[in-house]
Structure formats: C-alpha cells, structure tokens
Amino acid sequence: MRRERNWPLSIGFGLTVCFLYLPIVVLVVLSFNASGLPTSWGGFTTGWYERMLDNDALLDSAFNTLIVAFWATVISVVLGTLLAFGLERAVRSRALDAASYVPMVVPDIVLAIALLSFYNLVFTQWLGMGLGLWSVILGHAVFGIAFVAAIVRTRLRGFDDSTIEASQDLGATEWQTFRHVTLPQIGPGIIAGALVAFTLSLDEFVIAFFTAGTTVTFPIQVYSMVRFGVTPEINAAATVVVVVSLLLMLIALRLRGSEDTTA
Amino acid sequence: MRSARSSLARRGLLLGPALTWWAVLLAVPVALILAYSLFRRGTYGGVVYDLNLENFERIVDPIYLKVLWFSVRVSLEATAAALLIGYPAAWFIATRPKRWRTVLLVLVVLPFWTSLLIRTYAWMVLLNDQGLINEALTGIGLVDAPVKLLYNEFSIVLGLVYGYLPLMILPLYAAIERLSPELREAATDLGASPIRSFLTVTLPLTRSGVAAGCLFVFVPSLGNFIVPDLLGGGRQSMVGNLIQTQFLEARDWPFGATVALAVIALMAIVLWIQARAVARDREEGLADA
Amino acid sequence: MMRRISVLAATAALAGGIAACGAEVETSTTSGGSTGAGETTADSTPPTPSDGTLTVSNWDAYTPEGLIPGFEKETGVKVKLAKHATNEDIMGKLEASQGSGYDVVFVSGQFAEALHKRGWAAEIDHSKIPNLENLYPEANELPYDPGNKYSVPYTWGTTGICYRSDLVPSKPTSWDDLLDPAPENEGKVTMLATDRWLMLPALKSLGYSANSTDEGELEEARDLLMEQKDQLLAYDDTKFYSKLVSGEANLVEAWDGWCNYGIAEDDRIEFVVPEEGSDLWADTMVVLESSENKDEAFEFINYVLRPESGKGIVDLLTYNTPNQAAMEQLDPKLKKQYPNLGIAPSELLQQENLRDLGDAQPTWTRIVTEITS
C-alpha cells in the first residue's frame, strides 16, 4: 500500500495548524471588536475596517511592502538558484559553502546600520540619490539569496543525473535540458525558497526602517503604531494583508494548473 | 556523475551575481561596521578613531556571557521544539497527493504574512493569567489557579518556535519530498520496524534538510529581540537585545560591533557543523535508488 | 506547463514592474485616518535648495490631524512625515546617515542635547519664529537647552505611578510602593523598559539624581531593582495602561500623558507623582544642520507654536504642551478629566530634567543589562 492512512500524523498536522492559526483567529476576532482593548469585548463592528480603508498611510505602506517583497523574492530566487547550482556543480569549496550562509548569520541591526552607512556614503552623498523602496529591496535580497540557495541546494543534492544524461543523449541543448528536465525536478525547492524569501521580506522591520529613507513599509507602520497600543485597526489591516496575499497565491496556483509536471 | 564542466565562464555565471551582490552589499558594509570594534565610543555617540582592544576585554564580563549562554540555550530549545513539530508536519505535506502540496505549504506559511508583532501581541492576550488558554485550563479543571504562561522562558521559547516554524518546515519539505516512496518501503520490506526504517534510512537521507531547518531557526532565534521584549516581559535579555541596546540605546557602536562579532563567531562554529553535514551528504553520493 | 509558468512569471513581473514604477511617483495623499496627517510617498528625494518641501520625522499619531494639511495649505510647503517608534531608532538612523536625511526631527530633550553636541542640530533662528513668545517663560529655561538655542519644546511632562484606585490597598505616594510592592500588589506591577525611566524610580527613592553618573549610586539602584524583579510582572513601555484596565496590573510606572489613555477607558485609574520627586522630560523639535530648507523648517515650528496647534496637540495627546497660549485655551473639562493637565509649569520645573549622560551612558546600559538578564 502506497499511502496508508496515518492518523497520528494527520492529527498532529491538524494540531500544528491550530497552533499556527490560534493568534490569527484572535486578531481576526479582535478586528471586529468595538472596544479598542483586547481584554474586553465591546460588540461586533466593521468600523475598524472602514477606518483602515480611510487610513491612506496604512494602505500605502501595505502596498509598498508587497512591492518590496515581490522584487526581493524575484532577485533572491534568480540569484539564489544560480548560486545553488554553482555551489553544487561548478565548485567544491567549503569556504564558499560557509560564506553562503553568512547573510543569515549577521544580526539584522548590524546589516541595517551597515547598509545605511554605505548607502549614505555612496548614494546620498556621492550620487545624490534618495533612499526608497529600492534600497530596501537590495537589503532584503541579501538574506533572501542565502535562504533560496540553501533550500535549492538540498534539492540538488539528491538529483538524479541520469535524467540529464538521458536528455543530452537524446540531443537536447543545455537550455532545453535545464528547462524540461532539471527545472521541474528542483521546482519544489525553488517554490519553497521563494516562499521563505517572500515571507521574510514581508514582515521585515529593522533593515526596512533603516534603509527606506522616508518611505514606509507595513512593518514600519505597524511598529510605530503599536507604540500607542494595538488598535483593532491594525488587526484589520493585518487581516487584509493576509487575505490579499492569499488571493494572489490562489490566482498563481490556478494559472499554474495542476502540479503534475513539477517533480 | 557530478558535472566536470566547471569552466570559468560557467562558474562566473552561476556564482558571480550572488557573490558580487554580497561583496558589495554585505561584506564591505558589514566589515566596516565590525571594524569599529577596534575603536572607542565618543562622548555623545559616534566613533573615536583611536585603535585599542578595550572592547574585547569588556565583552568577557560575566554579564554578557550570561546573556549569551541564555540565548544559546533558549535558541537550542526552540530549535529542538521546532524540529519535533516541523518534521512530522513537513512529512505530512510531502506525502500528500501532489496537487495538495503547494496548498498545504501555503496554509502553513500564510500566518507568517501577517505582522509577527501583531501576532505576538495576540499571544500575550492568549497567554496571560486571564487569557483564553488559562480560562480553558481552569474551566476544564486541569488546574486550580492560572498557570504562569507569560513573561518567562516558556513564553520566549514558544514565541521563537512560533515565529520560525515555517523556516523549519519549508527546507524539510524540500528534502523529504524528493525521497522516493520505494526507498522507504524497501526498508520496511526488508524487515525493519517503521521506527528503525525512519531512523536509519529516512532521517539520514533528509539530513541536509534537517541541518538547513535547524540553522534557519537557531540563527534568527539567537538574534531575536522582539520575543524576549514582549513575550519575555523584558525580564530576560537575549543577545539580540544586547546588540540592539548597544547600537541604539547606548549609542556605543564600537562595543555593539564587538558583541556582533562574538555572535557571528559563534555562528561560524554552527555553520561549520552544518557544512560538515553537507560535505558528508556529498561524499555519500546521495541519489535516489 | 512550463509555458504557463513563463506566462505567469512574465505577467507578474510586468504587473510588479508597473506597480513599482507607479509607486515611485510621488503621491500626495492626506490621511483622514486616526494616525495623524501626512503623506507617505514611495520615494524620497534629498532636499534640493529651497524646493518647498520639508521632511519631518515624528512618533506615529503624535501630530494632530489638521496640523500638517493646514500648514501645507497656508504656506504651500509640502511636508513628508516619516515615523519613528522610539528616540533610539531615529538616533540610530541619524548616526548612520551622519545627521542627514531629514529637515526636522522630533526627539526628547536629552537626545536634542546629544544631536547638538554631535554638531548636527542647527541653531534656531528666533527671529524667524515669533510664536516662541507663546511659550511659558519656564520653557526657555530647560536645562538640556537653556534659551532654546537648538531645539524647541513640543510637549513636556513627568513620570509617575499610574494605578487602579480600586485594586490597590492604599493609594501610592512613594516610588517604594512600586519598588517594594504591598503583598496585594505583588506580581501586578510593571516598570518602564527604557533605561532612563527604568532606573528613575530607584535613583529617586535612594535620593540620587536621575542623571547620576556615579557608578556606586548606579549599582545601589541596580540592587534595588533586582530585588524588585521577583514581584515585577514585566518591563513594559507600551501596553502598561491596558494591563491596568484589564486588571493584569494594579500599579505601573507611567508617563503622565500615557496614564490618560487608561483613565479614558476606566476612571478608577489615577495618576500620582511620588513624593521623592520625578523627572521632567520634554519632546522637542530639532532642525538638522544638514537641512537645506531651514527657513521652511522655522516656519513649520512657528506654525506648531500657534495656540490652535498647541490646543490640537493637547486634545490629541492629553500631554502638557509648553505653549502657554494654547494651554490657556484648553477646555476646563479636559483638565478635570485629566489631572496631569493641571500641573503648573513651575511645578514641572521642580522635577529633575533629563540630560544626556555623556560618557556614563555605556555604564548605564551595562547596569540595565544586568537588571534585565
């Protein structure tokens, strides 16, 4: 039997999902709480959502964050996948292996301050450019690349080269082999890596705060708002970010069709 | 087996972009900041360029070692917990029908597209003495009085596990998913118990996924400052708080750089262990059966 | 299937690219929300000589809603409002950019002093800010910047004990009520987490200065605070008033205006300044030396010092403002509901003003680390 029903495993997964969603449930519920405080229920209201929709600063910041996360993920996936191939196939260097993990290891405040100092010297003072979303994207890609590379590498390690040889024996070019043989097999790795990079960028505060100049990403907005308490308005905004991201993902999934050909 | 085509051009194309990115945006800026550890803080912040090693003497103070040790211990606990929860979860997803896998991955990752800060505040609501969890526990009668679930080590570990669980699940998924079911069955067919088959066949084959997942949880946990501040009630600082306070509150960049160096050095050890796991994977020439 | 992925990728890239380009354009939106007015743009350009824009950084929800749109309309100067969550955040940013990137920053007094000592604070041209005369005379004698040469105060106040009068066995009068709580209060007290205010109660209780640089004194304070830790619920800078409302805490260390957020929810909450004395803090406006829009900056400060602006500040924040003209226009009901608004400037000045600690700052930070680890 290929797939036995493993009830403990399924229940365990169910519990894990509950664990993950418990605070989400709380914050969604609180976003409808008429009383501003999390400790008392003041009645059901959609007022906070209305206020949120009026709050241009909040909405702008959410939009900015999606842009940053998108581009940071794109850069991370491309450069990270290339790097993974390079580390697995083109060189064998423990030094480079270790180096590829360094971005994850540098404390984010250090990277943030380092980047701002650097940007200030090179871009602001020398080139006269202002900082904005682009400077955040560059910073986020720094650690995004490392995560994508690490994940894609685990995928490459078990790679069956006989499929590549077969493809080449049959006369395919290197690009064709890559597109139709290699890529589908490492697909799940790339997806997993992209999800990690996207998720990390979406909620990243420290680097964004220091390198965004005067632009505001959603985490920056939230961090400055919670100084005065987590109003349900913030919960409403957080709920909306999730819903929008979910919709985008679902659209992407539908366009992709079934997953048959990916590994 | 392994491609021998490592021409310079090919290497350049593959390694070049990422390494250049890191050279310009990581290595140089960070090295400059870390170099501050050799200097001194100015009276009102800023750096006095007066070469000395005082910071390295300062950091060997028991207070900082205590913070470092607490951070390492808590991060290890969080990593272990994340592994115990994450591996079965990743396994579950990887063994579902193909069309479900991405959906399940998204399901797992989706909460993390909400601000972690907001979710942490939600946990504070859940965990405090009058919170939902205590109400449930006392309601069922499991306990007589509210259990202290907040502002202690438990809540810190919980916060860290919660914050980094998807970073454990995703690489594990990538590693488990590529295993062929036949391999797992072969072990059982040969008479190994499910546990034995798991421990001697499956787990080692997913070793690099486990290593990646553990790294992805351990490292950010070590540098986290939000969780000890909020869920820990600011009562127990971790190394992330230490670095934050040095750079921002004390405005002592030289010493902050020194602490960061210490953390990075510690991480280098962890990385080295991880790199060995990777190297062993390679040597054993992993391939599907 | 691969074709579908390529199409998807191309569409997404196109959409994303268009979005990014679109966002890079300056949008001038004024927010109608509660978090204060101001535009957020997706790109910031460095100030060009008198281009009629001002870049200001303030705490979120710390600027009255109508203030910036009103200023923009009247002067034609566009204002970009950036936000910082704490003094330390904006100071870190300024340090990394060597005092540039903004025209005006809102920081607390001791940080204004630090900015001045670093050479990043511009001299305030009093001749361009006639509304300075709206300030109380006491507001010109603030120790961190006597004569307001490089900063202009925006709000000021003190720190004290915020408590639930129905939950505490007796009304607190001393910092010791917080540091060594009565049995009913054990496990139900919080302290502020930022170093200056974390140490304040202990230093005052021991009779020392809130700006003490003496290591012996600091260590005594530390010992006192470490004894407190067992009965302490948490160090909390942001949620302490809601802990009072929910009953999680009985008494907390609080800034006077923050206590009002609790009072607004539950009028059993009261505020008291302990008998040993407390601090005098001030949030100020600093014009950066690197600014190329100094005249516009002074105009902005002048606008903020109008009585109507000051009134708006108090209405929004329920903090005291040193703007005498504004305070005299206050609705008496507001003063009744929020007693802190009745504190006279002369009383405030009896408290000890917080100053930059200079070389003693690292010692402070080390001591606080010992306490919080």
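What helices does chain B have that are whole DSSP H segments, at least 20 Å long along their own axis by Cα, and with mean Kyte-Doolittle hydropathy of 0.5 or more? Qualifying helices: B:62-94, B:153-177, B:207-223, B:253-283. Annotation: the antiparallel percentage among DSSP beta bridges lying fully within chain C is about 60. Rolling a 1.4 Å probe over the protein heavy atoms of chain B, with every protein chain left in place, gives an accessible area that is 69 percent carbon and sulfur. Against chain C, whose longest principal axis comes from its Cα atoms, helix C:256-265 is set at around 90 degrees.
At a threshold of 40 Å², the residues of the range B:161-181 that become less accessible to a 1.4 Å probe in the full protein assembly than in their chain on its own are B:162, B:167, B:170, B:174, B:177, B:178. To put it simply, the accessible area of the range C:115-221 at a 1.4 Å probe is 45 percent carbon and sulfur. Placing +1 on the Cβ of every Lys and Arg and -1 on the Cβ of every Asp and Glu, with nothing else charged, gives chain C a dipole about its Cα centre of roughly 1340 debye. So which of C:171/C:333; B:66/C:117; B:66/C:243; C:73/C:294 end up more than 27 Å apart by C-alpha? Violating the 27 Å Cα-Cα cut-off are B:66/C:117; B:66/C:243. Working from Cα pairs under 8 Å separated by at least six residues, relative contact order for chain C is 24 percent. Prolate is the label for the protein assembly as shown. Its Cα gyration tensor axes, ordered a ≥ b ≥ c, give a/c of at least 1.5 and a/b above b/c.
What's the longest piece of chain A with no exposed trypsin sites (Lys or Arg not before Pro), counting a site as exposed if DSSP puts it in a loop and it has at most 14 other beta carbons within 10 Å? In short, A:93-263.
Entry comment: accessible area of the range B:1-146 is 47 Å² per residue, from protein heavy atoms only and a probe of 1.4 Å. The chymotrypsin sites (Phe, Trp or Tyr not before Pro) found in the range C:152-257 include none that occupy coil by DSSP while having at most 13 further C-beta atoms within 10 Å.
Residues in the range C:240-351 average 34 Å² of solvent-accessible surface per residue, probe 1.4 Å, ligands and nucleic acids excluded.
Using a 1.4 Å probe over protein heavy atoms, the accessible area lost on pairing C with A, summed over both chains, comes to approximately 4400 Å².
Looking at the range A:143-173, which residues lose a minimum of 40 Å² of accessible area between their chain alone and all protein chains in place, measuring with a 1.4 Å probe and not counting ligands or nucleic acids? Listed by number, the residues meeting the 40 Å² cut-off are A:147, A:151, A:154, A:155, A:157, A:158, A:161. Helix C:195-205 axis versus longest C-alpha principal axis of chain C: approximately 20°, rounded to the nearest ten. Here the range B:33-98 and the range A:61-103 have alpha carbon centers that stand 22 Å from each other.
Listed by chain and number, the lysines whose alpha-carbon sits under 21 Å from that of residue C:239, ignoring those within fewer than 8 places in the same chain, are B:148, C:83, C:188, C:229. Of the residues B:130, A:99, C:298, the one whose Cα sits farthest toward the positive end of the charge dipole of the protein assembly as shown, with +1 on the Cβ of Lys and Arg and -1 on the Cβ of Asp and Glu, is A:99. Charged neighbours of residue B:144, selected by a Cβ distance under 14 Å, balance to -1 (K, R count +1; D, E count -1). For chain C, the longest principal axis of the alpha carbon atoms and the long axis of helix C:307-317 meet at an angle near 70°. Restricting the count to DSSP beta bridges whose residues both fall in the protein assembly as shown, what percent are antiparallel, rounded to a multiple of 5? The antiparallel fraction comes to roughly 60 percent. If you sort the three axes of the alpha carbon gyration tensor as a ≥ b ≥ c, you get a/c of 1.5 or more for the range A:85-228 and a/b above b/c, which makes it prolate.
For the chain pair A and B, buried accessible area totals roughly 9200 Å², probe 1.4 Å, rounded to the nearest 100. Computed from point charges on the beta carbon alone (+1 for Lys and Arg, -1 for Asp and Glu), the dipole magnitude for the range A:134-263 about its Cα centre is near 360 Debye. Bridging of residue C:335 to lysines at a Cα separation below 19 Å is possible for C:311, once same-chain residues fewer than 8 apart are set aside. When only C-alpha pairs under 8 Å and at least 6 residues apart count, what is the relative contact order of the range A:1-87, in percent? It comes to 12 percent, rounded to a whole number. Only protein chains counted, 1.4 angstrom probe. Which residues of the range A:185-204 are at least 50 Å² less accessible in the assembly than when their chain is isolated? Residues meeting the cut-off: A:195, A:199, A:203.
With contacts taken as Cα pairs under 8 Å and at least 6 residues apart, chain B reaches a relative contact order of 26 percent.
When ligands, DNA and RNA are left out and all protein chains stay put, how many square angstrom of accessible area per residue does the range A:1-152 have with a 1.4 Å probe?
It amounts to 39 Å² per residue over the range A:1-152.
How many angstrom lie between the C-alpha centres of the range B:195-231 and the range C:111-152? Cα centroid to Cα centroid, the span is 53 Å.
Compactness of the range A:16-172 was expressed as the Cα radius of gyration divided by 2.2 N^0.38 Å, which yields 1.52. Membrane-span-like helices of chain A, defined as complete DSSP H segments with a Cα extent of 15 Å or more along the helix axis and a mean Kyte hydropathy of at least 0.0, are identified as A:7-30, A:56-85, A:108-119, A:133-157, A:183-202, A:232-256.
With the cut-off at 1.5 for a/c, could you classify the range B:10-100 from its C-alpha gyration tensor as rounded, prolate or oblate? Oblate, because a/c is 1.5 or more while a/b does not exceed b/c. Estimated purely from DSSP H runs of n ≥ 4, each contributing -39500 (n - 2.57), the mean residue ellipticity at 222 nm for chain A is -22000 deg cm²/dmol once divided by its residues.
The values are calculated or read from the model by the stated rules, or taken from the named source; none is laboratory data. Not measured: the values here are computed from a predicted model. Reconstructed Cβ throughout: ideal geometry from the backbone, glycine too, with neighbour counts over all protein chains shown. Remember, those area values only see protein heavy atoms, side chains included, never the ligands or the DNA or RNA. Shrake-Rupley method; radii C 1.70, N 1.55, O 1.52, S 1.80 Å.
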